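The values are calculated or read from the model by the stated rules, or taken from the named source; none is laboratory data. Predicted model, so just to flag it, every value in this text is computed and none were measured. Note: ideal-geometry Cβ built from the backbone for every residue, glycine included; neighbour counts use all protein chains shown.
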């Protein structure tokens, strides 16, 4: 019987093989990234990802390992997408979304915020944007034509939907034009020379505080203080200049506002990401759209929600998110938000939406858009 040490040597040998295969795969990913950068194709391709997973599962003999193989493959594809994005971003031929000649763009937050990072990824670092302190001001500016578009956070992988944005998408006649994901790496920031033992109050957006619950459980001396925005929190902690105050924000904020990074990567989930969307008054579906969102209410009859969702199953459409929010006009009734893969010009999507409308009290297409 082989010893533990002999087993470990065999694993090391397999790992060496995996390392060489990983390098080979990433070189192919690089070639694909350069092709996508030239053509403007989206990094994220949901149909391709499902095909990769199916291919891996088909190649495995021991199918008790299937769920682990799926997880492994998804992680590998996440790394591949990040590498592609980094390569495309550094390539001068990168195809960002273009503003119309007259167009102005904006985002909610401040310089150094994660939303600003998302904006730069979508439109390019050189594209000028107007920052709005309040989310409602940004929505108003787009609605009245002051801006042609804006970037807002929509959903976090750890804490779910951003309710304020979700509700405003219900209340304003605006549409989703694109989306992207940004990896969220929270840091505890303080004024120069401060240490963890000095901090008493930590300021940040409620979502950021919630994403670092484990850190606060381990440091019970800290008081969580809700703030409008992570970047505003960092900016104001720097302005106050008191060692008892800290902020949860990005490394970029530390550089911008002259703060020390006291602790890095304090978020609970190492794969923490936020989904950002581009909103606009333009409802025209994009020809290269790969994702669609709708808003609806179901009729108050038995099985109404089931009947509404059934056409998506019948037409083999992958629903990626469903969420309910209270209807402010009718007590204990709800709006539903649905995201799914596909373009409204696809035949199966058209069939599903036509059938689904029959079971809806209210229905609105929020957009058919590209994933960047």
### Message
Would you confirm, using the coordinates I've provided, whether residue 309 is assigned by TED's automatic domain parsing to the domain that holds residue 193 and touching a residue at least 12 places away in the same chain (Cβ under 8 Å)?
### Response
no
### Message
So, in the stretch 278-290, exactly how many residues are in contact with a helix residue (DSSP H, G or I) (Cβ under 8 Å, 6 or more places away or on another chain) and surrounded by 17 or more Cβ atoms within 10 Å (Cβ to Cβ)?
### Response
4
### Task
Scan 57, 53 and give me the residue that is modelled with pLDDT of 85 or more, closer than 30 Å to residue 286 by Cβ and surrounded by 10 or more Cβ atoms within 10 Å (Cβ to Cβ).
53
### Message
Filter the stretch 140-197 down to the residues that are more than 27 Å from residue 328 (Cβ to Cβ), free of Cβ contacts under 8 Å to residues at least 60 places away in the same chain and touching a helix residue (DSSP H, G or I) at 6+ places or on another chain (Cβ under 9 Å) and list them by number.
### Response
none
### Query
From the residues in the stretch 329-353 that are farther than 14 Å from residue 170 by Cβ and free of Cβ contacts under 8 Å to residues at least 12 places away in the same chain, which one is surrounded by the most Cβ atoms within 10 Å (Cβ to Cβ)?
346
### Query
Among (1) over 15 Å from residue 166 (Cβ atoms); (2) within 19 Å of the chain's Cα centre (by Cα); (3) at pLDDT 90 or above, which single condition is residue 315 missing?
(2)
### Summary
All conditions in (1) without any contact (Cβ under 8 Å) to a residue 40 or more places away in the chain; (2) more than 21 Å from the chain's Cα centre (by Cα); (3) farther than 23 Å from residue 234 by Cβ are true of residue 98 except (2)
### Message
Can you tell me which residue is farthest from residue 152 (Cα to Cα) among those in the stretch 212-235 that are in a loop (DSSP other than H, G, I, E, B) and in contact (Cβ under 8 Å) with a residue 12 or more places away in the chain?
### Response
221
### Query
Going by the structure shown, is residue 261 modelled with pLDDT of 95 or more and buried (at least 19 other Cβ atoms within 10 Å of the Cβ)?
no
